[in-house]
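Okay, so here's the structure we're looking at.
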């Protein structure tokens, strides 16, 4: 018996074949995926992605993410990156590492169209930015739309968004939302949004929404699992009853196209 025989996973596998015509296997992929993020400045008027950069990411249609730097000249850590390149409209998962040279703008070995995770093995002094080529002042890119991930504290990025390659599907089993603001009774709406990768960068569409408060974490165990197709972007966005600090995460299984 393999994990593909689990009733929930088996149903998701059958649904993928029935909807998209692809045969997939969680067992063959052998990989789970957890994404988490935090936005300390959610507002009451505009949905923002739950990531520490704030606002919403501007997604490139080419492999334009090609630079890294820190706001501190003391940072010489090795930064490990996960993301995707794009070719012919298809995403391919890639990993790479790059040694920081303090505030100096440094080229990545593999330019990417998506950057979904960044981390180091030691804490940083400054904030690390991964971005498209830009005017940089003291290690900080000056165009917000060119920034695609940050490490703002500790040694790990916090970005509740990812992309699914052209050879995988993603079965989301659980969602978790937190309101960290302690004062008052703030309420937040979390939404899960997806969109197919394309040259036109179509709008995201929501596939799930739930309310959260600071009384307790919001935990949703999906039954059946949420299915994210291959070659899709996914993000969690939020809007609050007032300015507030929120976090979110989602967990699940990757399924390999056979």
From the convex hull of the Cα coordinates of segment 65-151, what is the mean projected area in square nanometres? 5.1 nm²
Where does segment 1-72 land on the Kirkwood hydrodynamic radius, alpha-carbon pairs, in angstrom? 16.6 Å
Which label marks the calculated value of Cα Rg over 2.2 N^0.38 Å, given the options [x] 1.02; [y] 0.95; [z] 1.21? [x]
Roughly what would the spin-label model give for residue 174 and residue 210, points 7 Å off Cα along C-beta, in nm? 1.1 nm
What ranking, highest mean first, results for peptides 216-228, 111-123 when packing means the other Cβ atoms within 10 Å averaged over each residue? 111-123, 216-228
Would you mind putting 149-160, 96-107 in packing order, based on average other-beta-carbon counts within 10 Å, highest first? 149-160, 96-107
With the contact rule set at Cα under 8 Å and sequence spacing of 6 or more, what percent relative contact order holds for the chain? 28 percent
With r defined as the distance between the Cβ atoms of residue 97 and residue 125 and R0 fixed at 30 Å, what FRET efficiency is calculated, to the nearest 0.05? 0.95
Hey, quick one: spin label on residue 189, modelled 7 Å out along Cα-Cβ, who in segment 43-61 has an amide N within reach, i.e. under 19 Å? 43-51, 55-56
Based solely on its DSSP helices, what 222 nm [θ] is calculated for the chain when runs of n ≥ 4 H residues each add -39,500 (n - 2.57) and the sum is averaged over all residues, nearest 500 deg cm²/dmol? -2000 deg cm²/dmol
Hey, how many Å between the Cα centroid of segment 102-142 and the Cα centroid of segment 161-226? 26 Å
Cβ-based exposure ranking for 148, 27, in which fewest neighbours within 10 Å come first: 27, 148
Compute the FRET efficiency between residue 182 and residue 46 as 1/(1 + (r/R0)^6), taking r as their Cβ-Cβ distance and R0 = 30 Å, and round to the nearest 0.05. 0.85
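None of the figures in this text is laboratory data; all of them are computed from the coordinates on show. The structure presented is a predicted model; accordingly, all values stated were derived computationally and were not measured. Note that we place each Cβ from the backbone using ideal geometry, even for glycine, and neighbour counts take in every protein chain shown.
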